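None of the figures in this text is laboratory data; all of them are computed from the coordinates on show. It should be emphasised that the depicted structure is a prediction, and the values quoted were computed from it without experimental measurement. Note that we place each Cβ from the backbone using ideal geometry, even for glycine, and neighbour counts take in every protein chain shown.
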Amino acid sequence: MTSSLGDNFFAYRSKHFYLISQQDERYVSNFLRSLENIYFRVAKVLGDLHLEDNRRIPIIIFPDVECYYEYIAYYYPEEGEFAESGGIFVNDLIPHFAFPLIEQSAATAVAAHELTHALVSHLPIPTWLNEGLAVNIESTITGINPFHLSREKHNKHLSFWGEDEIQEFWSGESFFRVDEANLLSYQLAQLITRTLAGNQHSFHAFVADAHYDDAGEAALNKHYGLSLADVIENVFGEGDWVPQPQKWIDSTR
């Protein structure tokens, strides 16, 4: 793998990771130590939800943003606009991470987020729940970026979400838009997930059963006695919020 990436890429390993990078050993050693700490903390938060796998996860650190985007373009459609990325978990034949070279302080947040995706990759959960888990765990580990629904943000959400937009949210499409829908989707996912996680026992059972086919509707009804429409109604008021999978075309998961 290192030879296919170009010159001066070397592979290093720790308990849970293979790291492929051009950086010096000091950077790599510090980064792997940080990753192992993050792995332990993410796995602890997820509890029995996290993937038990003895295989090390490959990580590629590219020397600059241009090389990084050139690499990840392979995993995106040939045409279209896509949101910016500071790191990615590729759940492919060989699941792995890819990062551009960034400061270690920033890498902690990106790694916590993407590692959450990796450790729940065995679960068929909907995109909104996947991202909600990742953003909330990232916030818990770093202590930054907690989302609070201020009056201004609440009004912005109210003006954006309608019956068509909420279907994009449930299907996962809205997370890949390059307009304001991208940020608003992550915020809404974080808010819903954090609210549901208040009941830890029910939440873990819900995550274990949630499926992207119906955005987690059946699992929520089973473990909370609620519809996803009820959850949204508590935030935005009455509306046509029920997931309608029959309307989802070419949706992501």
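Quick notes on this one:
- When the Cα positions of Leu46, Ala106, Ser21 are compared along the charge dipole of the chain, Leu46 comes out farthest toward the positive end, with charges on each C-beta of Lys, Arg, Asp and Glu.
- Relative contact order, percent, the chain [alpha-carbon distance under 8 Å, six or more residues apart]: 17
- Prolate/oblate/rounded call for segment 29-159, Cα gyration tensor, a/c under 1.5 rounded: rounded
- Restricting the calculation to Cα atoms, segment 142-204 shows an Rg/Rh of 1.00 when the hydrodynamic-style radius is the Kirkwood one.
- Virtual spin-label span in nm between Leu183 and His204, 7 Å along Cα→Cβ: 3.6
- Sites matching GluC sites (Glu not before Pro) across segment 7-55 that sit in DSSP coil, with at most 15 neighbouring C-beta atoms within 10 Å: Glu52
- Sequence-separation-based contact order of segment 9-72, relative, with Cα cut under 8 Å and 6+ spacing, percent: 42
- DSSP bridge pairs, the chain: antiparallel proportion in percent, nearest 5: 45
- Around the amide H of Ile60, modelled in the peptide plane, lie the amide H atoms of Ile20, Phe97, Ala98, Phe99, all under 5 Å away and 5 or more residues distant in sequence or on another chain.
- Contour minus Cα-Cα distance for Asp240 and Asp24 (0.36 nm per residue): 72.3 nm
- Leading residue at positive end of dipole, segment 146-253 (Cβ point charges), from Tyr212, Val235, Phe176: Val235
- Volume per residue that the Cα convex hull of segment 172-253 spans, once the total is divided by residue count, Å³: 99
- Label-point separation, Leu51 to Lys153 (7 Å along Cα→Cβ), nm: 2.9
- Phi-based couplings in Hz for segment 239-247 (Karplus 6.51, -1.76, 1.60; Gly and Pro marked x): x, 8, 9, 5, x, 10, x, 5, 8
- Cα gyration tensor, segment 93-223 - rounded (a/c under 1.5), prolate or oblate: rounded
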